[in-house]
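Worksheet: one structure, shown below.
Bear in mind that the values in this text are calculations on the coordinates, not laboratory data. What you see is a predicted model, and the numbers here were worked out from it, not measured in a lab. Glycine gets a Cβ as well: all are built from the backbone with ideal geometry, and neighbour counts include every protein chain shown.
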Amino acid sequence: MSASSKIKQAPEQGEPSAARRILYFLAFSAVVAGIVVGAALLLLNDLFGRWNSSPLREPKALAEGAEIVPFLSLNDKRIFPYGIAYGNGEFYLSLFGGNAVRRVTTDGVMRFMAQLNAPAALAYSRETLYVLDYNQVGAFSTGALKAIAADGTLRNVSESPSARNLPLFAGITADQNGAVYLSHPENGTIWRVTPDGTATLLWTAPPVGNSRPSPTGIAHNRWDDSLIVADSGTGAVYRLSMTESGVESQLLYRQQGFDPRAVAVDVQGRVLIAAWQGDNGTLYRLDEANGLVALAEGFRQPTSVVVVNDMAYVVSSGAFGLIGGVEVQPPFRVDAVRLPN
């Protein structure tokens with residue numbers, strides 16, 4: 001064997017070692033990953049910024065004869081108006097981040113009524129205000145059905161599991177006899193709770209294709225003693241009628257991608273629907289002759305609607321802020337919409 005064959009060839013000057021090559025590769029990969037993640041975050045921030053963090057646009061009327069009348073404006077970014085009800089000549093407004101329910105006069109003057117944890121949906125019947133009170137402000141909070149008497153006394157209505165541990169965006173309404181109806185978005189059910197606290201399963205919303213039901217808004221129609229239910233999971237609106245043989249459901253409207261969140265019934269028995277469309281929520285009226293008619297737009301994630309005479313009061317909650325993780329800028333408003341004939 002020659003002497004030259006025993007001599008190992010030295011690496012060329014300037015050629016990186018194997019360890020240095022691995023280090024270069026890891027550094028390059030980190031830079032690429034940082035660019036990708038940064039771009040994704042910028043895109044998400046832009047989407048959330050346009051949908052959630054933008055100041056509330058001025059609502060505007062769309063239908064002939066409709067008119068927007070500003071009613072309330074809240075400027076604390078930690079307080080989200082959620083539910084509204086009307087009874088005995090005054091309004092009731094729940095403040096999800098403000099831990100309270102307030103009375104509101106017809107000219108917009110607020111005063112304290114009751115302290116709660118995180119009150120949301122409201123309903124009024126027989127001198128009693130019913131409220132879904134959550135254990136905390138946030139997406140994973142759970143709510144329970146409570147009642148507030150005229151003097152502000154607070155009590156639990158029912159110990160039934162169906163009236164407790166309710167998910168966010170559950171809805172509530174009440175009839176003239178004091179029975180309360182609850183929507184459960186997670187399991188697609190509607191429950192009836194009698195004044196003595198007895199809870200009964202009333203109806204289960206059907207799935208549509210691959211879409212699971214998620215009933216949110218619910219309203220009692222005093223004109224025919226039916227219930228109107230908004231299903232944001234399937235884009236459907238139903239009428240539930242109580243008969244001797246049970247509950248009969250009638251599909252009033254359904255559209256893929258439609259996101260109805262709150263419903264009410266006007267003085268002529270027509271159904272009003274507040275639907276989400278990013279930060280441009282829209283108030284619709286469901287007409288037998290004309291179908292779905294847009295009355296006004298510019299509401300930010302509306303969670304409640306109540307009708308008094310010829311006015312519909314719409315609560316813009318900024319709901320993406322109340323579920324946490326997204327900063328939403330005030331003002332949060334309640335606007336009155338004068339309804340066209």
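The table below gives the values:
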| quantity | calculated |
| --- | --- |
| Region 254-325: relative contact order in percent, alpha carbon pairs under 8 Å with at least 6 residues between | 25 percent |
| Net length gained if the chain between Glu64 and Ser160 were fully extended (0.36 nm per residue, minus Cα distance) | 29.9 nm |
| Cut-off 15 Å between beta-carbons: net charge of the residues surrounding Gly291, Lys and Arg +1, Asp and Glu -1 | +1 |
| Charge context of Asn309, other residues only, Cβ under 12 angstrom, K/R +1, D/E -1 | -1 |
| Å³ per residue enclosed by the Cα convex hull of region 214-282 | 80 Å³ |
| Two-decimal ratio, region 249-318, of alpha-carbon radius of gyration to 2.2 N^0.38 Å | 1.04 |
| Mean-position separation - Cα centroids, region 127-187 and region 262-341, in angstrom | 21 Å |
| Cα gyration tensor category, rounded, prolate or oblate, for region 57-102 with a/c compared to 1.5 | oblate |
| Principal axis box of region 161-283, alpha-carbon based, largest edge first, Å | 40, 34, 27 |
| HN-Hα J in Hz across region 78-89 - Karplus 6.51, -1.76, 1.60, θ = phi - 60°, x for Gly and Pro | 9, 10, 10, x, 10, x, 9, 9, 9, x, 6, x |
| Convex hull per residue volume in Å³, alpha carbons only, for region 209-341 | 120 Å³ |
| Contact order relative to length of region 174-291, as percent, for alpha carbon pairs under 8 angstrom and 6 or more apart | 16 percent |
| Gain upon complete extension [Val293, Glu248; 0.36 nm per residue less C-alpha separation] | 13.6 nm |
| Cα-based Rg / Dmax (Å) for region 86-241 | 15.1, 48 |
| Taking the C-alpha atoms of region 89-166, convex hull volume expressed per residue in Å³ | 84 Å³ |
